[in-house]
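**Student:** Okay, handing you the structure first.
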Amino acid sequence: MDGELRSATWPTVSRGCTVLVPVGSIEQHGPHLPLDTDSVIAAAVAERVAASLTEGQPSAGRFVVAPTVVYGASGEHQSFAGTSSIGSDVLRLLIVELVRSMRTWARRLILVNGHGGNAAALSSAVRTLLAEGHEVSWHACKGRAVDAHAGYSETSLMLHLDPGRVRRDLMVPGNTRPLAALMPAMREAGVEAVAPNGVLGDPVGATPEEGERVLSAMVRAMVVDVLEAGLVATS
Ligand SMILES: [Zn+2]
């Protein structure tokens with residue numbers, strides 16, 4: 001098999017492999033980015049982390065990238081049309097059941113998260129799964145981002161990964177205050193209360209080159225995280 005679970009046939013799946021599962025969202029990303037932006041980014045990071053681990057840890061066995069869990073917990077974006085959220089409770093259960101199923105043939109699971117709103121569900125799911133004895137960890141896509149949502153960093157990433165789906169003519173600034181300052185109002189009334197166009201940051205000036213740099217930084221940070229979590233044998 002070529003490292004993509006969706007294209008595998010059952011006899012080609014190596015028992016004992018490590019599976020990376022990208023977890024994203026379908027939620028508004030401003031007027032200029034597609035709803036599946038977080039899912040695209042999580043999948044790209046997972047693919048590159050798998051490639052990097054395969055290169056650096058040849059003795060650690062096969063790394064396989066699973067199809068992306070595209071729906072996530074996006075309640076804070078719900079007032080924008082298109083946002084399709086399954087909420088934290090369902091996401092937590094989905095992850096628990098998915099990992100239990102995959103663990104009947106996979107040795108380890110690495111959950112690659114592309115959407116901050118999924119964090120609570122992922123930590124809770126992983127806690128349950130670790131208590132059951134599964135080898136699993138979750139990791140956030142992080143590193144180099146200068147703004148929070150549909151701004152310079154995410155737009156640069158999408159210009160690098162999927163430029164044909166970025167509406168450059170509709171790139172306008174949103175709320176550029178730091179996320180920490182916006183959090184209380186956002187918790188209370190959602191993203192729209194602080195950013196009517198759905199953008200937290202400023203996409204103007206985003207470039208594919210910056211997107212490539214952000215992506216590499218995310219991949220490097222996650223490889224370190226995965227190795228630190230002790231999920232990949234180093235000998
Ligand atoms: Zn996003």
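Here, each number is a calculation from the coordinates, and none is a lab measurement. Note that this is a predicted model, so its numbers are computed, not measured. All Cβ positions, even for glycine, are placed from backbone atoms using ideal geometry, and neighbour counts span all protein chains on display.
**Student:** Dipole of the chain (Lys/Arg Cβ +1, Asp/Glu Cβ -1, origin at the Cα centre): which of 83, 9, 73 lies farthest to the positive side?
**Tutor:** With unit charges placed on the Cβ atoms, the residue in question is 9.
**Student:** Mean Kyte-Doolittle of at least 0.5 plus a Cα span of 20 Å or more along the axis: flag which DSSP H helices in the chain meet both, please.
**Tutor:** Sorted by number, the helices that extend far enough and score high enough are 37-56, 87-102.
**Student:** Hey, for a label at residue 220 modelled as a point 7 Å past Cα toward Cβ, could you say which residues of segment 135-149 have their backbone N under 17 Å away?
**Tutor:** Residues passing the 17 Å test: 141-146.
**Student:** May I pose another question? What nm distance separates the two modelled labels at residue 93 and residue 176, each placed 7 Å from Cα along Cα→Cβ?
**Tutor:** Placing both labels 7 Å along Cα→Cβ, they lie 4.4 nm apart.
**Student:** Can you tell me which of 106-117, 90-101 comes out highest on packing, and rank the rest after it, using the mean Cβ neighbours within 10 Å?
**Tutor:** Packing order, densest peptide first, comes out as 106-117, 90-101.
**Student:** I would also like to ask the following. Take the alpha-carbon centre of segment 160-205, take the same for segment 119-134, and report the distance between them in whole Å.
**Tutor:** Taking the Cα centre of segment 119-134 as reference, the centre of segment 160-205 is 30 Å away.
**Student:** For the residue pair residue 204 and residue 132, what label-to-label distance in nm results when each label sits 7 Å from Cα along the Cα-to-beta-carbon direction?
**Tutor:** Computed distance between label sites residue 204 and residue 132 equals 5.0 nm.
**Student:** Report, by chain and number, residues whose modeled amide H sits under 5 Å from the one on residue 138, excluding near sequence neighbours (fewer than 5 apart, same chain).
**Tutor:** Long-range HN contacts for residue 138: 111.
**Student:** What size of dipole, in debye to the nearest 20, comes out for the chain about its Cα centre when the only charges are +1 on Lys and Arg C-beta atoms and -1 on Asp and Glu C-beta atoms?
**Tutor:** Computed about the Cα centre, the dipole is about 580 debye.
**Student:** Less than 20 Å from a label point 7 Å out along the Cα-to-Cβ axis of residue 229: which backbone N atoms in segment 67-101 qualify, by residue?
**Tutor:** Output list for this probe position: 67-73, 88-101.
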